[in-house]
Amino acid sequence: MRIDTVELVLVELPLVRPFRTSHGTDLTREAILVHLEGPDSEGWGECVAGRAPLYSPEFNAAAWTVLSELFVPRLLATGGVAAEDVARLLSPFKGHAMAKAALEMAVLDAELTAAGRSLQEYLGGAGDRVAPGVAVGITDTVEELVAVVARYRAEGYGRVKLKIEPGFDLEPVMRVRAELGDDAMLQVDANTAYSRADAEHLARLDAFGLLLVEQPLGEEDLLGHAELARRLATPVCLDESILSAGGARVAISLGACSVVNVKAGRLGGYLEAKAVHDACRSLGVPVWCGGMLETGIGRAANLALATLPGFTLPGDISATNRYFHEDVTDPFVLEDGSIAVPRGPGLGVEVHRRAVERLSTRSWRTRR
């Protein structure tokens, strides 16, 4: 498509409740939205970086700079661009996968909208609904955690993921397992909070029949994860460690994981996310769609991605009211344990400009 104007908008959405992980506590979700306009179409993208470089080296202030000063001018200088070209055009710039993914998403949305095709169709997914899981942050007390989990289960979430860290792991998992029963799907996410020295301690999680333990060690420690995977009966899943399809193949070949969390932002876009899915599926490794507290823009894209056949485990694509009082699109609703996949062209959602303006804290616009 030909891009005539590009707009960046920084929005801040208050969370329904604080979300705490081993990295820290979020009270709001700050996100950069990318809006492209051309003569025949428009598209929206979302950068999933956070306010600070805690989950990854990327953060919004840096993403804003590279988008406005480097990435957007390069795209505007091309005359016309297809979604498949975005990664190549931006490849001279090292890193900043989340900012690159936001631009690719916006180009995809515009391109597919003009063609009358949905993102789900383009990626090769199928199905009308996705059965999601819910991620539950670290709480002040175990009793509070059990109550929160019970509420989400009553709402219809079939899988629960608990955030854990040293000092908040075995007892919370034991209590939640007792609350849910032996047959409920339960998994944990450490967000790199442990070290190789914690292997014996982490092996005690085997007693709770977990689906997986996600990213227990540092993102660069593939060999440590391989050692831990041999020690644990619980499957090891990698998240932060997987940055590309090639990287996924290496991690799997080393035995560092037997499950992969696919996050398009971390991977540089939905095209690379599909490549990771394809690589894992060819090796018989299940994948699931991770979440980054996305607005309805990113949530719509994740729902489309999660309909690919290799996504055999529930992902972190909760209903809108799990996180936000107000969103920039119509809310996604959990009904009978599942969420409807948008069916319209592009991302399949309408972005409400008035909501964007209300939630905006910063904006920037440029023309060809």
- Item | Sole exception among (1) out of contact with any Phe, Trp or Tyr (no Cβ under 7 Å at 6 or more places or on another chain); (2) at pLDDT 95 or above; (3) of a type outside the set (A, V, I, L, M) for R177, by number | (1)
- Task: With respect to I242, determine if the residue is in the same structural domain as F208 (by TED's automatic domain parsing), modelled with pLDDT of 95 or more and either charged (D, E, K, R) or closer than 28 Å to D109 by Cβ (or both).
- Result: yes
- Message: Just to check your reading of the model, which residue among K163, K100 is closer than 16 Å to L211 by Cα, buried (at least 22 other Cβ atoms within 10 Å of the Cβ) and in contact (Cβ under 8 Å) with a residue 24 or more places away in the chain?
- Response: K163
- So the helices (runs of 4 or more DSSP H) completely within region 28-103 holding 1 or more residues that are touching a Pro at 6+ places or on another chain (Cβ under 9 Å) and under 21 Å from E240 (Cα atoms) are 60-66
- Do we find that I317 is part of a strand (DSSP E or B), farther than 30 Å from E69 by Cα and in contact with a Phe, Trp or Tyr (Cβ under 9 Å, 6 or more places away or on another chain) in this structure? no
- Item | Residues of region 238-257 classified as touching a residue at least 40 places away in the same chain (Cβ under 8 Å) and farther than 17 Å from H96 by Cβ, total | 1
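Would you call T25 under 20 Å from L112 (Cβ atoms), surrounded by fewer than 22 Cβ atoms within 10 Å (Cβ to Cβ) and either assigned by TED's automatic domain parsing to the domain that holds L271 or polar (S, T, N, Q) (or both)? Give the derivation first.
Values: under 20 Å from L112 (Cβ atoms): no; surrounded by fewer than 22 Cβ atoms within 10 Å (Cβ to Cβ): yes; either assigned by TED's automatic domain parsing to the domain that holds L271 or polar (S, T, N, Q) (or both): yes.
It is false that T25 is under 20 Å from L112 (Cβ atoms), surrounded by fewer than 22 Cβ atoms within 10 Å (Cβ to Cβ) and either assigned by TED's automatic domain parsing to the domain that holds L271 or polar (S, T, N, Q) (or both).
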- Going by the structure shown, is G291 closer than 18 Å to E272 by Cα and touching a Lys or Arg at 6+ places or on another chain (Cβ under 9 Å)? yes
- Query: If only one of L271, L243, L267 is touching a Ser or Thr at 6+ places or on another chain (Cβ under 8 Å) and of a type outside the set (S, T, Y), which one is it?
  - Reply: L267
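Against the definition (crowded, with 20+ Cβ neighbours inside 10 Å and within 22 Å of A49 (Cβ to Cβ)), how does G346 come out, yes or no?
Numbers: crowded, with 20+ Cβ neighbours inside 10 Å: yes; within 22 Å of A49 (Cβ to Cβ): no.
When the stated conditions are applied, G346 does not pass them.
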- Among the candidates L217, L205, L210, residue that is closer than 24 Å to P286 by Cα, of a type outside the set (G, A, S) and in contact with an Asp or Glu (Cβ under 8 Å, 6 or more places away or on another chain): L205
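With the condition kept exactly as written, say whether any residue in region 258-272 is part of a loop (DSSP other than H, G, I, E, B) and over 21 Å from M98 (Cα atoms).
Yes.
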- What pairs can you find where one residue is in region 284-306 and outside the structural domain of P18 (by TED's automatic domain parsing) and farther than 19 Å from G127 by Cα, the other is part of a helix (DSSP H, G or I) and among the hydrophobic types (A, V, I, L, M, F, W, C), and their Cβ atoms are less than 6 Å apart, with a gap of 6+ or different chains? V285/I252
- Message: So the check is Cβ under 6 Å with 6+ separation or different chains; which pairs have a first residue in region 82-97 that's in contact (Cβ under 8 Å) with a residue 60 or more places away in the chain and assigned by TED's automatic domain parsing to the domain that holds F59 and a second one that's crowded, with 18+ Cβ neighbours inside 10 Å and not β-branched (V, I, T)?
- Response: A83/E104; A83/L108; A83/E111; V86/L103; V86/E104; A97/G268
- Query: Do the conditions hold for G246, that is, is it in a helix (DSSP H, G or I) and closer than 26 Å to V34 by Cβ?
  - Reply: no
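The values are calculated or read from the model by the stated rules, or taken from the named source; none is laboratory data. Everything numeric in this text was worked out from a predicted model, so none of it was measured. All Cβ positions, even for glycine, are placed from backbone atoms using ideal geometry, and neighbour counts span all protein chains on display.
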